[in-house]
Every structure is written in structure tokens, then in C-alpha cells.
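Worksheet: the structure to be examined is printed underneath.
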Amino acid sequence: MARPEKIRLGDLLIQQGLLTNEQLKFALEEQKRSGRKLGRIVVESAFVTEEAISQALAGQLQIPYFDLKHFNPRPELINLLPEAQARRFRAVVLDEADGKLRVGFVDPTDLQAYDDIFRLLRRDIELAVVAESQLLALIDRVYRRTDEISGLAKELTADLSDVPVEFGDLLGTASGVEEAPIVKLLQSVFEEAVRSRASDIHIEPQEKSLRVRFRIDGVLHVQMDADSKIAAALSLRLKLMSGLDISEKRLPQDGRFAIKVRNNTVDVRISTMPTQYGESVVMRLLNQNTGLLGLDRLNMSARILDRLRHAVRRPSGMVLVTGPTGSGKTTTLYAVLSELNTTEKKIITVEDPVEYRLPGINQVQVHEKIDLSFERVLRSALRQDPDIVLVGEMRDGITSEIGMRAAITGHMVLSTLHSNDVISTPIRLLDMGVPRYMVALSLQLVLAQRLLRLICENCSEPHTPSPQEREWLRYELGDSVDRRRYVMGKGCAHCGGTGYQGRAGVYEMLEMSNEIVAAINSDDSGVFVQAARKQMAGETLRRDAVRLVVKGRTSIEEAMRISNQFED
């Protein structure tokens with residue numbers, strides 16, 4: 001194809017009726033003042049969208065426009081153009097036909113970019129137009145940094161193996177911190193973790209290697225296998241960053257630090273533990289730029305959402321959210337707090353650690369090393385005249401009893417508890433030594449939850465259930481199981497080949513009605529279990545998981561995987 005011709009963008013947008021003369025005049029003056037591109041100015045001024053500009057250019061040049069939102073790229077073609085050049089020239093290889101490569105450009109009239117890419121690819125090029133924001137999102141998604149991270153790990157291994165070096169140079173404690181091999185490696189690991197939406201980074205020394213894994217949507221994925229020689233340097237650098245004792249390698253340690261990744265501040269909670277082959281390090285990532293979800297966006301059924309809102313707006317009582325670690329309990333409680341947070345209410349939280357920051361709320365970080373325990377902070381918090389108290393976790397009988405006394409004496413108390421389901425929660429409290437009458441009087445509502453992975457919308461396809469899956473579904477769906485349509489994800493570049501992207505909650509709820517309170521006060525736990533099952537009427541975590549399967553939002557396999565966590 002011939003080289004593209006230059007087009008005056010402003011004239012084109014006027015001609016297409018996308019811009020007025022006054023808007024163009026304003027944009028040209030802003031361009032002269034700031035030196036920015038005209039297209040970027042009109043988009044940021046909300047005069048016209050990126051997609052509209054791209055489509056106008058495509059029509060004028062008589063070349064195709066590609067919508068990259070649901071585009072599944074071919075890795076062997078994408079990688080023909082290195083990431084640095086793709087970002088520099090705002091271009092990406094889309095497909096191949098008749099020996100020619102179709103390349104999507106944000107600005108197909110950029111003659112310099114066209115010539116440079118032609119020289120890089122050494123193939124005939126067909127032009128296409130793509131929107132800039134969609135292109136950058138695609139680049140972030142498909143150019144994985146695995147090779148870069150492995151290369152940096154090898155560089156660090158070589159520095160540790162070949163010749164004696166100053167340890168300060170490796171760790172970034174000397175001058176030129178950003179250029180230290182260990183610093184560049186960790187920065188790349190954190191950037192890839194944030195790009196992958198990882199919640200945790202696991203650094204695990206093995207006998208002959210160092211394994212790095214990311215937990216994405218609740219499941220661990222291997223990111224890198226490196227030489228075990230770099231394990232000590234990695235853990236040492238991370239200890240320095242989090243203010244831990246670098247001389248102590250025999251005992252577990254916990255700490256935290258903050259890091260800038262892609263202009264976002266990420267809080268990192270770090271835990272180290274001595275293992276057979278070195279110190280295992282696990283880091284939980286908390287992105288402070290991620291906004292809190294509202295209750296309406298937590299995928300609760302209308303009935304549960306209504307009853308939860310009714311319970312937390314009472315002047316006193318306790319509401320517990322239960323489930324295993326990583327099931328979204330804290331997210332749910334902060335969604336509740338964001339609705340209750342008004343100038344008329346004094347809210348105090350007691351947490352370890354403070355995971356979200358809400359303006360107008362008094363948040364306290366527990367610090368066991370200086371004896372600032374849940375018990376001590378909670379006792380002090382109740383003397384601060386709060387209306388609502390959030391306790392990060394009911395982790396022992398003393399904390400639970402203090403929280404329940406607060407609920408009885410006129411405070412609304414929100415907290416979490418590790419239990420499998422709502423029915424086992426009151427029994428768990430009794431096992432922790434909380435008096436039976438206190439559980440019956442203070443507890444208002446128990447909510448149990450899990451997080452299910454959602455099928456990637458870009459690679460979902462019909463799925464025929466296996467005999468085992470069909471029998472599992474029949475428990476909830478009965479004879480209608482064969483009349484339903486099911487889907488699963490086959491894996492694509494959008495979801496990293498997993499078939500899943502994002503998660504949603506499934507829930508079950510138990511309210512403390514008069515019948516339930518009477519059953520709790522009974523010495524026979526079977527009476528309580530029977531009364532609770534009667535109230536729930538089958539509205540269990542399992543049924544909520546099947547609801548997502550029937551809607552085509554998750555797979556049968558995922559619903560079964562989660563259900564195995566709470567089925568007897």
C-alpha cells in the first residue's frame with residue numbers, strides 16, 4: 001500500500017460535522033499555547049470522542065477502523081513489533097493476509113511512524129485506524145513482562161555469581177538506586193503484578209530455584225522461575241523497604257511499605273517466614289487509587305441487599321460478615337460504611353491493617369508490638385462516644401465479647417469472622433467462649449460470602465456439562481438442568497489464557513428473628529440448625545453460585561470449586 005497522505009484533522013472534523021468553528025478555534029489556540037496534539041485537545045475538552053476521530057480518519061482514508069475493546073490479538077503477530085516501538089509509534093500489528101501485515105495506527109497520517117515500522121517489520125503493510133486509549137489498553141494487556149523479569153533475574157544472578165560486588169550496589173543502598181539490578185527487578189515484578197490485577201505476590205525459595213507466583217482472581221499463577229541465588233538479595237531488599245530486621249532470618253516478620261506503580265500508590269503488606277531453603281515472602285497489594293464499591297455493585301440479591309441495609313441502619317446491634325481469607329469481607333463492610341458515613345455519625349474502625357481510607361472516619365491501626373491490640377483499642381474506642389464501630393476481625397473470645405457488649409449497650413458494631421457459612425457462625429462464637437445470652441441479644445444479621453471468577457466476555461463459548469456437573473446442578477435446578485444454556489471461557493489475551501476475568505460475590509444471610517434467638521438460647525445446637533435452615537429456605541451460597549452459572553456469568557467448574565469450600 002502507498003504511504004498515507006497528510007490530512008488536516010481540524011478541517012476533517014469540521015467537514016464531518018463533529019466540531020464547530022468555535023471549538024476548532026479554541027483547540028488551535030490551546031495547541032499553540034501548550035504544543036499538544038490537536039486530537040488530544042479536542043478529546044480532553046469533550047468536543048469529540050477518540051472513537052469518532054478514528055472513524056472519521058478511516059472514512060477519509062478509506063481504510064478500516066478496528067474496535068480493540070473485544071479484539072483477540074495473535075501473540076505471534078503482536079510480538080513482531082516490540083513493546084517500546086508499539087508505544088512510541090502508537091501502532092500494533094493486528095492480522096495478516098496475502099503476505100501483508102495489517103497495522104493499526106492511532107494516527108495513520110504519521111509518515112515518520114509508517115516508514116520506521118515498515119523498516120522494522122520488513123513486510124508490506126496495510127493500514128488500519130485504532131483509538132489511542134484502546135491501543136494503550138491492548139499493549140498493557142498483551143505485552144507481558146515475563147521475559148523482561150526473567151532477563152533482570154539472570155542479570156542479578158550474574159552479578160551475584162561472577163565477581164565480588166558491593167552489596168549496597170545490588171540492593172540500591174548506594175548511589176544510583178534506580179539502576180541497581182535488584183531494584184529494577186522488583187519494580188518490574190510490581191508493575192506486572194498491578195497490570196495483571198494480582199492481589200498477592202508470592203516469592204518462594206525452592207531447592208534449586210526461586211519461584212515467583214501471582215494470585216489473580218483468587219488463583220495462583222507462576223510468573224517466574226529464577227536461580228535460587230537471588231532469593232536472599234530479594235528478601236533483604238524487601239526487608240529494607242518495609243523496615244524489618246534484616247539480621248533476623250529465623251523468625252517470621254510482618255511489615256508494610258508503599259510503592260509508586262504507573263502513577264498509582266500501592267500499599268504493600270509483607271510477611272516473611274523461614275522455610276527449608278530460605279525465607280518465603282508474601283506481599284498483599286492494596287491499590288489506593290481503586291475506588292470503593294457501593295453496595296449496589298456487590299452482586300447481592302435484592303432481598304439480601306434490602307435486609308442488610310435495614311440491619312445496619314439500626315441504632316445498635318452487631319452485623320457479622322463471614323468467609324475465608326480473600327473472600328471480600330472487608331470490601332463489603334466498607335461498602336456499608338460508605339453509605340453510613342454522614343456528619344451526624346461518629347465512626348471508628350479498629351483494623352490490622354487499615355486496608356481502605358475513608359474521609360470523615362476515625363481509623364485505628366492495631367500494633368501488637370507496642371501492645372496496641374484489638375482488645376485495648378476497642379476498649380478505648382468505646383470511650384470515644386462512637387455511633388458505629390468496625391472491628392477488623394473477631395479473632396478471639398475477649399474481642400468478641402467486648403464487641404457484643406458494645407452492640408448491647410447502644411452501638412452498631414460491624415465485624416468479620418472466619419467461619420464456613422451463616423449457620424456455623426453463632427456456634428463458632430459460642431465455641432470462642434462468648435456467653436449464649438450475649439450472642440442472642442447482640443447479633444442482628446450474619447452474611448456469608450465467597451468470590452467467584454467471572455467468565456471472560458471476549459472468549460466465552462457454549463459448554464456442555466459433564467455427567468458429574470449435570471448431577472451437581474440437578475440438586476438446585478431439578479429437571480430443568482438440560483434446558484439451560486451454559487458457557488465457559490476458552491482463554492484469550494484479554495484474560496491471560498485463563499478464561500476468567502474479574503470476580504463477583506455470592507452470598508447467604510441469616511437474620512436473628514425471635515425463633516432464631518430462642519433456638520440459640522437452647523442447649524441443643526440441632527434446634528438452632530433446624531430453625532436456621534427453615535428461615536433460609538434453601539437460599540444458600542451454593543444456590544447463589546448456580547444463579548451466576550445460569551446467567552452465563554461463571555462456569556459450572558468455578559461454581560463447584562467454590563462450593564467445595566463450604567459443603568459438608
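Rounded, prolate or oblate for the range 296-431? Axes are the square roots of the Cα gyration tensor eigenvalues, ordered a ≥ b ≥ c, and the cut-off for rounded is a/c under 1.5.
rounded
Could you pull out every residue, at least 5 positions away or on a different chain, whose amide H is within less than 5 Å of the one on C492? Hs are placed 1.01 Å off N in the peptide plane, and Pro or chain starts have none.
G497, T498, G499
How much of F374 can a 1.4 Å solvent probe reach, expressed as accessible area in Å² and rounded to 10?
The accessible area of F374 comes to roughly 10 Å².
At a 1.4 Å probe radius, carbon and sulfur cover how many percent of the accessible area of the chain?
48
Just to compare against my own numbers: the Cα pair-distance distribution for the range 428-519, 5 Å bins, whole % per bin, please.
The percentages, shortest bin first, are 3, 11, 12, 13, 13, 11, 9, 9, 10, 7, 2, 0.
Rounded to the nearest 0.05, what FRET efficiency is calculated for L220 and T20 with R0 set to 45 Å and r the Cβ-Cβ distance?
After rounding to 0.05, the efficiency reads 0.25.
Can you pull out the trypsin sites (Lys or Arg not before Pro) in the range 1-93 whose DSSP state is coil and whose Cβ has at most 11 other Cβ atoms within 10 Å?
K6, R8
When only DSSP loop residues count, what GluC sites (Glu not before Pro) in the range 302-408 have their Cβ near at most 11 other Cβ atoms within 10 Å?
Listed in order of number, the matching sites are E344.
DSSP loop trypsin sites (Lys or Arg not before Pro) in the range 216-310 with at most 16 other Cβ atoms within 10 Å of their Cβ, which ones?
K249, R250, R262
Which entries in the list K260/K369; K184/K239; K229/K260 go over 18 Å, if you measure between the two C-alpha atoms of each? Walk me through the intermediate numbers first.
On the way: K260/K369 27 Å; K184/K239 16 Å; K229/K260 27 Å.
Violating the 18 Å Cα-Cα cut-off are K260/K369; K229/K260.
Taking one equal scatterer on every alpha-carbon of the chain, how large is log10 of I(q)/I(0) by Debye at q = 0.05, 0.06, 0.10 1/Å?
-0.29, -0.42, -1.06
Using the basic label-point model (7 angstrom from Cα toward the beta carbon), what is the D254 to Q365 distance in nanometres?
Distance between label points: 1.3 nm.
Can you tell me the length gained on complete extension of the stretch S133 to K346, counting 0.36 nm per residue apart and subtracting the Cα distance? Each step should come with its number before you reach the end.
Numbers: separation 213, 0.36 × 213 = 76.68 nm, distance 4.19 nm.
Full extension of this stretch gives 72.5 nm more.
So if I average 1/r over every pair of distinct C-alpha atoms in the range 493-536 and take the inverse, what Kirkwood radius in Å does that give?
13.3
With Rg and the Kirkwood Rh both taken from Cα atoms, where does Rg over Rh land for the range 215-263?
Result for the range 215-263 is an Rg/Rh of 1.02.
Tell me, what is the FRET efficiency for R436 and N79 to the nearest 0.05, using R0 = 60 angstrom and their Cβ-Cβ distance as r?
Numbers: r = 64 Å, r/R0 = 1.07.
Efficiency, from the Cβ-Cβ distance: 0.40.
Measure out, as a whole number of angstrom, how far apart the alpha-carbon centroids of the range 456-501 and the range 192-261 sit.
Using only Cα atoms to place each centre, the spacing works out to 34 Å.
The values are calculated or read from the model by the stated rules, or taken from the named source; none is laboratory data. Since the model is a prediction, treat every value here as computed from it, not as a measurement. Note that we place each Cβ from the backbone using ideal geometry, even for glycine, and neighbour counts take in every protein chain shown. SASA here: full protein model, heavy atoms, side chains in, ligands and nucleic acids out. Shrake-Rupley method; radii C 1.70, N 1.55, O 1.52, S 1.80 Å.
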